[in-house]
Amino acid sequence: MKKVFPLILLQVLMLIMSLSSICSKTAASKAFPSFEFILFYGISFMILAMYAIAWQQLLKIVPLMTAYTSKAVTIFWGMVWGVMIFHETITYKQIIGCVLVVAGVVIYNMADIKSEDTDEKDVNKTEDKEAAK
């Protein structure tokens, strides 16, 4: 479970990052440089700044390859926000593509967790052998 928790945090971080897209798209629909444009652009910037700090902290406990692979999940959040907030339409091909991407991330992360388990077992065996000598 302790290996799954950082991955959950990573996905929450991707959700938070995706919120900046909502603000960016909303800002793009406003007249430049209106108050609304500056407001939504500023909120987007603040979300990305908070994301950057959280990302750096998360990289202390999550392997870089796992973290970057998980960024692909923002495709899912983009689809959710596009449909729910901006009333965009999605096609079956887009849904299939999104499912494949998310499945790939899940498979990759599961393999990463299993390889860490194997590495820990190998280290424990080595320590046991050294202790027995």
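The values are calculated or read from the model by the stated rules, or taken from the named source; none is laboratory data. All figures in this text were calculated on a predicted structure; none of them were measured in a lab. As a convention, Cβ positions derive from the backbone with ideal geometry for all residues, glycine included, and neighbour counts pool all protein chains shown.
The figures follow:
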read-out	value
Given (1) touching a residue at least 40 places away in the same chain (Cβ under 8 Å); (2) within 26 Å of VAL4 (Cα to Cα), index of the condition PHE86 fails	(2)
Residues being touching a Ser or Thr at 6+ places or on another chain (Cβ under 8 Å) and more than 14 Å from THR74 (Cβ to Cβ) - total across region 1-35	3
Per-region count, region 54-86, residues within 22 Å of CYS98 (Cβ to Cβ) and either in a helix (DSSP H, G or I) or not hydrophobic (A, V, I, L, M, F, W, C) (or both)	20
Test: residue in region 16-25 that is assigned to a helix (DSSP H, G or I) and of a type in the set (D, E, K, R)	yes
Any chance TYR51 is modelled with pLDDT of 90 or more, in a helix (DSSP H, G or I), hydroxyl-bearing (Ser, Thr, Tyr) and over 15 Å from THR74 (Cα atoms)	no
Some residue of region 38-55 being surrounded by fewer than 14 Cβ atoms within 10 Å (Cβ to Cβ) and within 13 Å of the chain's Cα centre (by Cα)	yes
Residues that are exposed (fewer than 11 other Cβ atoms within 10 Å of the Cβ) and of a type in the set (Val, Ile, Thr), drawn from region 83-100	THR89, THR91, ILE96
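Conditions (1) over 14 Å from ILE85 (Cβ atoms); (2) in contact (Cβ under 8 Å) with a residue 12 or more places away in the chain, marked per residue:
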residue	(1), (2)
PHE5	yes, no
ILE8	yes, no
SER29	no, no
GLU36	yes, no
TYR51	yes, yes
ALA54	yes, yes
